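This report refers to the structure that appears directly beneath it.
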Amino acid sequence: MQEKRTTIFENALIWFGAGVSLAEIMTGTFLAPLGFSKALLSILTGHVIGCFLLFLAGYMGGKTRMSAMETVTLSFGSKGALLFAMLNVLQLVGWTAIMIYDGALAANGAVSCGRWEWALVIGGLIILWLVIGIQSLGKVNLIAMSALFILTIVLSFVIFRRGDLSAAAEGGLSFGAAIELNVAMPLSWLPLISDYTREAEKPAAASAWSAIVYGAVSCWMYIIGMGSALLAGTSDIAEIMLKAGLGVAGLVIIVLSTVTTTFLDAYSAGISSELFSEKIDGKKVAIAAAAIGTAAAIAFPMDDFTSFLYLIGSVFAPMIGVMIADFFIIRRRHDEEAVCIKNLVIWFAGFLLYRKLMTIDLPIGSTLVDIAATIAICIAAGFAERAAAAKKAADTEN
């Protein structure tokens, strides 16, 4: 029986849902101190960088028909990739908790019945999405995305129809730091996108449209957040919805956007866990991730997640740098090896470099510089390795 492949539209729909997110809106509110013009420029610049990387990651998985974490074996070996699979599962469970927490907090602000009650409702809906399964979500997602599309247009119109966008909000934020906040969000999806593009009929087109749709919608959400912070004078999503006069419609945006985005996190946590053993049932792990995230959202405060975003960047920016160099430039695979020590060392150097770059106010942010440096080190190491191998072969002949 031929395996069902996903269409470009289905992939684009998935990433539309990923982009319509409270986390994106909330991160956009952090950019208000720059003022509208500079904040908008940082949003566009950061998303061009982040979404181009997202496309490359999706193309790798689509071309090789591998899941996101399976593509990591191409550069780090079958056992070396387990480090990133573990880190990815942890960040996905973390994202699940943060998204449920934010969604519950916002929903409770719109209709007060208790934050933990809303966390249970949202967590339950995410588990329902997982039980239905990604292959059977087509019509459900289409209805959900249509509702979100209409409601976010209304929200945008209400927020921007009047008001002065020229003033900056209080607080200090450099342009480079703002770019990093924009790059970090698409960067957090790098270890996930191939879980969906690997099933695509047309990998390159599906990866491109996934990145384009996600990038456009994510920019839209950032702008809504930034604009609402400037015009409404608040970063509280529920208050923004209430001031916009959306009422129940605002509640629908909050709940649906949280479910459609967080579903992807939990689902990919399950897919990533399958790398550890063939006996692991990814769907059951995904449901467990949603349950753990719900419990964490009830138990712990998660109001500021900017440090979490930067941590994700420091881990996955050098990882994708190594993978880009191996797949597109050096064209060498390491998936038949247990561990590629060379690439792990290069990744760790890139990780340390990123943490160092965070202390320097670079006008283009840390990610692009870190990835470029990691790729350069990879290429130099690859040439050195080939030269050593050639010399060894020549010495053997002599």
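The values are calculated or read from the model by the stated rules, or taken from the named source; none is laboratory data. None of these values were measured; they are calculated from a predicted model. With ideal geometry, Cβ positions are generated from the backbone for all residues, glycine too; neighbour counts draw on all protein chains shown.
Observations
- Among (1) in contact (Cβ under 8 Å) with a residue 40 or more places away in the chain; (2) out of contact with any Cys (no Cβ under 9 Å at 6 or more places or on another chain); (3) not in a helix (DSSP H, G or I) - the single one ILE360 does not satisfy: (1)
Yes/no per residue for (1) surrounded by 17 or more Cβ atoms within 10 Å (Cβ to Cβ); (2) among the charged types (D, E, K, R):
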residue: PHE316; (1), (2): yes, no
residue: ARG332; (1), (2): no, yes
residue: ASN343; (1), (2): yes, no
residue: PHE383; (1), (2): no, no
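- Of the residues making up region 325-354, those that are over 25 Å from the mean Cα position of the chain (by Cα) and over 17 Å from ALA384 (Cα atoms) number 4.
- Selection status of MET86, part of a helix (DSSP H, G or I), at pLDDT below 90 and among the aliphatic types (A, V, I, L, M): no
- Complete set of residues in region 363-372 that are in contact (Cβ under 8 Å) with a residue 40 or more places away in the chain and either surrounded by fewer than 18 Cβ atoms within 10 Å (Cβ to Cβ) or touching a Cys at 6+ places or on another chain (Cβ under 9 Å) (or both): PRO363, ILE364, ALA372
- Scan of region 87-99 for residues that are out of contact with any Pro (no Cβ under 7 Å at 6 or more places or on another chain) and in contact (Cβ under 8 Å) with a residue 12 or more places away in the chain, ordered by number: LEU87, VAL89, GLN91, LEU92, VAL93, GLY94, TRP95, THR96, ALA97, ILE98, MET99
- Wholly within region 234-326, helices (runs of 4 or more DSSP H) carrying at least 3 residues that are of a type outside the set (Lys, Arg) and at pLDDT below 85: 237-243, 248-273, 306-324
- Candidate set: region 1-36, residues that are out of contact with any helix residue (DSSP H, G or I) (no Cβ under 7 Å at 6 or more places or on another chain) and either hydrophobic (A, V, I, L, M, F, W, C) or within 14 Å of CYS219 (Cα to Cα) (or both); chosen: the one surrounded by the most Cβ atoms within 10 Å (Cβ to Cβ): PHE9
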